[in-house]
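Have a look at the structure below, then the notes.
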Amino acid sequence: MSFAQKIKNGNRPFTVAGPCSAESEEQVLKICKQIATNESVQLLRAGIWKPRTRPNSFEGLGAIALPWLVRAGKENNLPVTTEVANKKHVELALAAGVDVLWIGARTTVNPFAVQEIADAVKGIDIPVMIKNPVNPDLQLWLGAFERFENVGITDLTAIHRGFSVYNHPRYRNVPSWEIPIALNENRPDLPIICDPSHITGNRGLLLEVSQKAMDLNFDGLMIETHPNPNEAWSDAAQQVTADGLKSILDQLVLRSKEVSREVEIVLEELRSDVKLLDDQLFDLLGARMKLSEDVGRLKRENNITILQQEHWTKVIAERIASRGDYRLTQNFVRQFMDAIHLESIRHQTKVMNPETGSKENGKKS
Ligand code: PEP
Ligand code: MN
């Protein structure tokens, strides 16, 4: 059975744990021994080459640390993995006996780098895990899998580690769950592991994000663990001790993917009620857009612009103020109203500029 099949068919969560970075032989051996006692842990990790965003931070000890990780794997009877970012890393990792390679988020963004790594493993029987690119680009993530498949490497697993944003109040990297869900829609064959450590950047949020990943049917988790997290040379705020890891895994509520016949019947009833409401919602949206076209005609006859900013600002503010009645978050109300507004502008443009407006008609679904 391939490594990917083991992840997909084994007990959830398939857990990858170990330090962000290998810092000393003692540190690697110590943390790996501690976490290996947990039966969820099935793969040991340690960063050897660290792609840091800014120079002059700790960039990993390099090849000297490879034998420490491999030894930790042998002593605990577990496979080991590390990040590779170029051909040289691949050669050194394979020569040292690393069992699984992973491609980091800053590498997945670069098709040249991904291709170089794929070419370096061509003809070798090695599992590869591919983290999402730092930017929210599903095609780039899918493309990385295809580059490996094109050279005959098919034992592949996805890792969702979130997407870069500027100054987010809560996350280090926003999860944008719709992207791993879309990956799963495109590639249901690929196992998918969530990395809550790099999503949150904060050990206090690991349980919440791990639980969400389990509720969304992820197969596994990658959680950074360190004998003394606060002293870690990289990513100190997000690492946990072996006990911290155990506590997270023990608290997870694992729900079944299977639906019994009885539950299915009730679920179908609820879903058909939901569909009725969705039908009404779309009928209303259609009527709403017809009105937008009337508004567009009036603006055209009177030669006034489509966007009346003051009016729109007032509409948004009123809608957000009254959202409490509808159990909706402010964020949802804003996004929903923006989507309606854009579609309304498209309809108004169509009646106002029938010659050029039709070019802006957007994709029909
Ligand atoms: C890591 O796993 O330590 C790492 C650098 O991850 P990412 O590529 O997700 O930033
Ligand atoms: Mn890290």
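The values are calculated or read from the model by the stated rules, or taken from the named source; none is laboratory data. None of the values given here were measured: they were computed from a predicted structure. Quick reminder, even Gly has a Cβ in these numbers, built from the backbone with ideal geometry, and neighbours come from all protein chains shown. Remember, those area values only see protein heavy atoms, side chains included, never the ligands or the DNA or RNA. Shrake-Rupley method; radii C 1.70, N 1.55, O 1.52, S 1.80 Å.
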Original post:
Using a Gaussian network model of the chain with C-alpha springs under 10 Å, which one of P169, P79, P196 is most mobile by mean-square fluctuation?
Top reply: P169
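How high is the relative contact order of the stretch 165-276, in percent, counting Cα pairs under 8 Å that sit 6 or more residues apart? It would help to have the intermediate numbers written out before the result.
On the way: 112 pairs, mean separation 23.8, N = 112.
Reported relative contact order: 21 percent.
Given Cα positions, please report Rg to Rh for the stretch 261-362, the hydrodynamic radius being the Kirkwood one.
Numbers: Rg = 17.7 Å, Rh = 16.0 Å.
On the Cα set of the stretch 261-362, Rg over Rh gives 1.11.
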**OP:** Compute the long axis of helix 25-36 from its Cα atoms, compare it with the longest principal axis of the Cα atoms of the chain, and write down the angle in degrees, 0 to 90, nearest 10.
**Re:** 70
**OP:** Keeping all protein chains in position, work out how much accessible area S260 exposes to a 1.4 Å probe, and write it in Å² to the nearest 10.
**Re:** 60
**OP:** Report the extension gain between T356 and N228 in nm, rounded to one decimal, defined as 0.36 nm multiplied by the number of residues separating them, less their alpha carbon distance.
**Re:** 39.8 nm
Subject >> Whole-Hz ³J(HN,Hα) from phi, Karplus 6.51 cos²θ - 1.76 cosθ + 1.60, for the stretch 267-275, glycine and proline x >> reply: 4, 4, 4, 4, 5, 6, 5, 4, 4
**OP:** On a 0 to 90° scale, report how tilted helix 242-251 is relative to the longest principal axis of the chain, with both axes built from alpha carbons and the result rounded to the nearest 10.
**Re:** 40
Original post:
What ³J(HN,Hα) values, in whole Hz, does the Karplus curve 6.51 cos²θ - 1.76 cosθ + 1.60 give for the stretch 92-107 when θ = phi - 60°, with x put for Gly and Pro?
Top reply: 5, 5, 5, 5, 7, x, 5, 8, 9, 9, 10, 9, x, 4, 7, 8
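Exceeding 27 Å between C-alpha atoms, which entries from my cross-link table qualify? They are K88/K131; K131/K212; K33/K88; K74/K131. If you can, show how the numbers build up before the last one.
Values: K88/K131 19 Å; K131/K212 18 Å; K33/K88 29 Å; K74/K131 25 Å.
Cα-Cα > 27 Å for K33/K88; rest within.
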Original post:
Does a label point 7 Å from the Cα of Q139, set along Cα-to-beta-carbon, have any residues of the stretch 83-124 with amide nitrogen under 16 Å, and which are they?
Top reply: 109-112
Original post:
Percent relative contact order of the chain, based on C-alpha pairs within less than 8 angstrom and at least six residues apart?
Top reply: 13
Original post:
Whole-Hz Karplus ³J(HN,Hα) for the stretch 113-130, in order, using 6.51 cos²θ - 1.76 cosθ + 1.60 and θ = phi - 60°, x for Gly and Pro?
Top reply: 5, 4, 5, 4, 5, 4, 4, 5, 9, 3, x, 9, 8, 9, x, 10, 10, 10
**OP:** Amide H neighbours of K50 under 5 Å, at least 5 residues apart or on other chains, H built in the peptide plane: list them.
**Re:** G60
**OP:** Report, in cubic angstrom per residue, the convex hull volume of the C-alpha atoms of the chain.
**Re:** 189
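Kindly report the accessible area of the stretch 237-365 per residue (heavy atoms of protein chains, probe 1.4 Å, no ligands, DNA or RNA), in Å².
On the way: 9970 Å² over 129 residues.
In whole numbers, the stretch 237-365 has 77 Å² accessible per residue.
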**OP:** Would you tell me the accessible area of M352, worked out with a 1.4 angstrom probe on the heavy atoms of the protein chains, in Å² to the nearest 10?
**Re:** 30
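Could you work out the local net charge near N202, counting Lys and Arg as +1, Asp and Glu as -1, over the other residues with Cβ closer than 9 Å to its Cβ? Walk me through the numbers before you get to the answer.
On the way: positive: R170, R172, R203; negative: none.
Summing Lys/Arg as +1 and Asp/Glu as -1 gives +3.
Go ahead and run the numbers for FRET between I320 and D294, Cβ-Cβ distance against an R0 of 25 Å, rounding to 0.05.
On the way: r = 26 Å, r/R0 = 1.03.
E between I320 and D294, to the nearest 0.05, is 0.45.
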Original post:
How many percent of the accessible area of the chain is carbon or sulfur, using a 1.4 Å probe?
Top reply: 52
Subject >> Charged-residue dipole, Cβ positions (Lys, Arg, Asp, Glu), the chain about Cα centre, Debye nearest 20 >> reply: 700
Subject >> Added length on full extension, which subtracts the Cα-Cα distance from 0.36 nm per residue, N331 to T305 >> reply: 6.6 nm
